[in-house]
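Colleague: Below is one structure. I have some questions about it.
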Amino acid sequence: MVHIWNDPTEVPRDFGPTVVTIGNFDGVHRGHQHVLAQVTQTARRHNIPAVAVTFDPHPAQVHRPESAPELIMGLQDKLEALGSTGLDAVLVMKYTLDLAAMTPLEFVRDVLAEGLHAEHVVVGHDLRFGAGNGGDVGTMQELGEKLGFSVQVVNEFGAGGFPLHHDGDADRRCSSTWVREALSQGDVVTAAAVLGRPHRMRGEVVHGAARGRDLGFPTANLSHDSTGYVPADGIYAGWLIDESGTRWPAAISVGSNPTFDGVSRQVEAHVIDRPREAVEDFDLYGQTVAVEFTRRLRGMVAYQGPEALVEQMNLDVAQAHELLVRGWRFRQQH
């Protein structure tokens, strides 16, 4: 069980000593995972808990909301991803202007040393913290000497260790910026390679215009306040995970359907290969579901009427079935 705290005062007094790291961790991509692996390995070696300190909302949303990047994942998915790395606890600090005004000494003393009883602190080489981002790795090392903890610096994690499809990417370091860039282009394959897992959105299933149902392709429409970066417009193969944890293969549409006028941008998933007896009573309305993107099948195109659209949708579903269902069965058999 991973402990989740929202303030240092919630940390039990007898919890610790600890190994701690700090970061926004948007996406919890392979670069983050590299740092977190060092945290958990150090913690196991010393037989003490591993803890990550993160922030909500993202600092950019507080300091420059008009230009803050769209987040790769919501808090729930971030906590799940952090928990999957082997951490024992996560401290989610509410990011405010007051917190931002803390000096590096105040932050490290109050949160890491006194709050979490840090014995070891693991950080990336590009660490910045404290008022005006005035603290860096050197600052952390100086404070560690004063406050009684060691500092381990982890080098950046490059893409050379996993397959990519674009020349030059092997020399690039894993970053949240790279993930957003790939998703903005609809390249969910590269995004998944950098993340170490498929990109995911999460939201409540709400009623839409029912055009898909009228055309024979009922969809689960995600609410507009869903979390997770919305990839480029297009049709994707992927998975819908319902509240019970069941994974359903799906053809996913992102965008405003240009075949019809007055349709706002939305994310909707058509579940394929449902059991025949479940077709009529398959009701996801009101559920909070996750949608995972596996591969982009095509861009969004305006068709000359519903008949041409239905023909293309049949092709999309067949292609998604080939990628997801047959591909999954092949992997299970081999």
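Colleague: Assuming Val263 fulfils every condition listed in (1) touching a Ser or Thr at 6+ places or on another chain (Cβ under 7 Å); (2) modelled with pLDDT of 90 or more apart from one, which condition is it?
Modeller: Condition (2) is where Val263 drops out.
Colleague: Right, Glu119: assigned to a helix (DSSP H, G or I) and among the acidic types (Asp, Glu) or not? Give the steps one after another, and end with the answer.
Modeller: On the way: assigned to a helix (DSSP H, G or I): no; among the acidic types (Asp, Glu): yes.
No; evaluated as a whole, the condition is false for this residue.
Colleague: Please tell me if Val325 is modelled with pLDDT of 95 or more and either within 27 Å of the chain's Cα centre (by Cα) or over 25 Å from Arg265 (Cβ atoms) (or both).
Modeller: Details: modelled with pLDDT of 95 or more: no; either within 27 Å of the chain's Cα centre (by Cα) or over 25 Å from Arg265 (Cβ atoms) (or both): yes.
So Val325 fails the test.
Colleague: Please specify each residue of segment 75-89 satisfying the condition of being buried (at least 21 other Cβ atoms within 10 Å of the Cβ) and not in a helix (DSSP H, G or I).
Modeller: First pass over segment 75-89, keeping only residues buried (at least 21 other Cβ atoms within 10 Å of the Cβ): 78-79, 81-82, 87, 89.
Within segment 75-89, Leu87, Ala89 qualify.
Colleague: To continue, here is another question. Look through Ile48, Ile72 and report the one residue that is in a loop (DSSP other than H, G, I, E, B) and touching a Lys or Arg at 6+ places or on another chain (Cβ under 8 Å).
Modeller: Values: Ile48 fails: touching a Lys or Arg at 6+ places or on another chain (Cβ under 8 Å).
Only one candidate qualifies: Ile72.
Colleague: Mind counting the residues in segment 16-34 that are modelled with pLDDT of 95 or more and either assigned to a loop (DSSP other than H, G, I, E, B) or open to solvent by less than 20 Å² (accessible area, probe 1.4 Å) (or both)?
Modeller: So the count comes out to 12.
The values are calculated or read from the model by the stated rules, or taken from the named source; none is laboratory data. Computed from a predicted structure; not experimentally measured. Here the Cβ is made from the backbone with ideal geometry for all residues, glycine too, and neighbour counts use every protein chain on show. Note: areas computed on protein heavy atoms with side chains; ligands, DNA, RNA excluded. Shrake-Rupley method; radii C 1.70, N 1.55, O 1.52, S 1.80 Å.
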